Amino acid sequence: MDEAATENRKYPPGCHPDLPPPGIAAGPLLWIKDNLFGSATNVVLTFLAAYFLWLSIPPLLEWAFFDAAFTGESRKACKAQAPGACWAFIQNRFELFVYGFYPRPERWRVDLSFILLMVALTPVLWEKVPQRAKLLLFSCAYPFVAGWLLTGGLGLKPVGTDQFGGILLTLVIGITGISFSLPIGIVLALGRQSRMPVPRILCVAFIEFIRGVPLITLLFVASAMLSYFLPPGTNFNLLLRVLIMVTLFASGYMAEVIRGGLQAIPAGQYEAAQSMGLGYWKAMRLIVLPQALKISIPGIVNTFIALYKDTTLVIIIGLLDPLGIGRSSLADSKWQGLSTEVYIFVAVFFFISCFGMSRYALYLERKLDTGHKR
Amino acid sequence: MSEAVNDPIIEINGMHKWFGRFHVLKDINLDVKQAERIVVCGPSGSGKSTLIRCINRLEEHQRGRIVVDGIELTNDLKNIDAIRREVGMVFQHFNLFPHLTVIENLTLGPIWVRRTPRKEAEESAMKYLERVKIPEQAEKFPGQLSGGQQQRVAIARALINDPALVLADEATGNLDSATAVEILDLFDELHAEGKTILLVTHEAQVGERAENVLRLADGRIAEVERRNGGRS
């Protein structure tokens, strides 16, 4: 009665109070009604989906958790304990999955690099970190620090890159590729837009070459052919070659993603920057690139994720990433037949990394949104 | 100083401009004195925007001479930069930088072109925001402002280097008529303060307010009307 009275009163303009929405205009009940039982088809689909979930989820949970064996020294020991998954295998090989064949007494160096990686990433990912400027200097130095820690020299025992493997290898290739492909991609994209013919033709040729050749071919070139082009006697580290190839491959795609962003910037922005007296590089750095990169975030992250997952391709030239380690572990007669566990573990590892990247990208997009889309 | 006042701030002699094969501007001859305000009008496609865009080298002219404040526009980047520092420009679509706040839009030029210390640049930015009557919007992003407010910010941005000459390319073309009048009043005040102003417009309303009108037709100067000095 009270509400009706409020609704029916006449108010002078500008004095109408905010009324609550009538009935269930908001809330979980409305969401369920709208999304699950909105129409006859939706009702049928909802029940069908519920039925399939009921069929598939309980057995999956049973296999993966309730009926799973977490300890044991062989597949037989696992199966004797429980009929479900045999996670003991993953636990048994966990160090191999993380470190590859990195010599055991030196593994603290890998751990230290992982920890320093977190320190180096913090100021890059979050703006409100105390002492950000100093930490960013460390982030720039990190690749060299990590390179020194992992390969040794200068007082540390040298470790050959052929002993890298597992998650360590994925992170080395993935992070190198990600951190170098963005700047190279930016330069290529700007070069492709340049009015000067020589840089433009070079950039177009490079980008089109990269896009026209499969990554596997480039990796084969890296492993087999590169030595033909180098002066005889040069011993060029295989991992380094792979890093270069993966980075260049991602840069080509990155360049096209960023070119798309550049094209979305209206000519007026360039003109305003010019008429203020900003030169080409300053206008690019201060006005055009910040906007173009912001627009390109979904595409950039897409390229990062593709690159990260493509690191598994190194298996074909004999480097063992987590997938490779898993496959070779399966050959062990003690553990034969556990491929499901291995592939699920590898999939979960990649999923966590890639999902993290994609969530961070969403956060970044929201943070950089300055509401100019009106 | 009296000599300086009589010196033309813009001298254009026999200037031609082509877009590809299209002859946009034909034999333009124009002297603009200091502290003069000229409204450039003409039908669309007559080359009026191109004319003022040639003055700060957003467009390149192919023949003839353009001298701004004693500096000739050539391919020499040093000259172009020097002229751009003396010329402020206001655009039809405002062209504010959407990723920067209002105050950052203003301080960008002083900090990066003139190397003014940030604090000093911010103080002078606030002064100009007060001048265009929107100091309270300093921390907002352009996308959060109305069209009229955005154009005020754009004018403040054009003024912050204290240019002798202000070019306005259809500065009111994107605004409703009431807001347009406010912006034109602002240009009146700037003119009263001694700035040289070139206003491009196709709106008759703007032309009526000015004492000097330059009419372009088909890429030529059809008429220069100086109301307190007669016609030529």
Residue count for segment A:259-273, restricted to those that are in a helix (DSSP H, G or I) and either more than 9 Å from chain B (Cβ to nearest Cβ) or within 29 Å of A:E208 (Cα to Cα) (or both): 8
Qualifying residue in segment B:48-55 (condition: touching a Gly at 6+ places or on another chain (Cβ under 9 Å) and of a type in the set (S, T, N, Q)): yes
Scope segment A:345-373; condition in contact (Cβ under 8 Å) with a residue 40 or more places away in the chain and more than 14 Å from every other protein chain (Cβ to nearest Cβ); matching residues: A:F345, A:F349, A:F350, A:S353, A:C354, A:M357, A:S358, A:Y360, A:A361
Residue selected from segment A:332-374 under the condition among the polar types (S, T, N, Q) and assigned to a loop (DSSP other than H, G, I, E, B), by the criterion farthest from A:N92 (Cα to Cα): A:T370
Only one of B:V206, B:V213 that is among the aliphatic types (A, V, I, L, M), within 17 Å of B:K33 (Cα to Cα) and in contact with a Cys (Cβ under 9 Å, 6 or more places away or on another chain): B:V213
Subset of segment B:102-127 [surrounded by fewer than 19 Cβ atoms within 10 Å (Cβ to Cβ) and within 11 Å of chain A (Cβ to nearest Cβ)]: B:E104, B:I111, B:V113, B:R114
Selection within segment A:28-79 - small (G, A, S) and either touching a Leu at 6+ places or on another chain (Cβ under 7 Å) or loosely packed, with under 11 Cβ neighbours inside 10 Å (or both): A:S39, A:A40, A:S56
Residue check, B:L77 over 18 Å from the mean Cα position of the chain (by Cα), aliphatic (A, V, I, L, M) and under 20 Å from B:T201 (Cβ atoms): no
Any hit, segment B:61-75, residues being touching a helix residue (DSSP H, G or I) at 6+ places or on another chain (Cβ under 7 Å), assigned to a helix (DSSP H, G or I) and either within 14 Å of chain A (Cβ to nearest Cβ) or within 18 Å of B:R157 (Cβ to Cβ) (or both): no
Pairs where the first residue, in segment A:274-290, is facing another protein chain (nearest Cβ under 7 Å) and the second is among the hydrophobic types (A, V, I, L, M, F, W, C) and in a helix (DSSP H, G or I), C-beta under 6 Å, 6+ apart: A:G277/B:V113; A:K282/B:W112; A:I287/A:A273
Residue within segment B:139-156 that is on the phi < 0 side of the Ramachandran plot, outside any helix (DSSP H, G or I) and of a type in the set (D, E, K, R) present: yes
Top-ranked residue of segment B:76-101 - restricted to ones that are part of a loop (DSSP other than H, G, I, E, B) and more than 23 Å from B:S49 (Cβ to Cβ), ranked as nearest to the other protein chains (Cβ to nearest Cβ): B:H99
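Quick note: the coordinates plus some simple rules give every number you see, no bench work behind them. Since we're looking at a predicted model, the values are computed, not measured. Here Cβ is always computed from backbone atoms with ideal geometry, including for glycine, and neighbour counts include all displayed protein chains.
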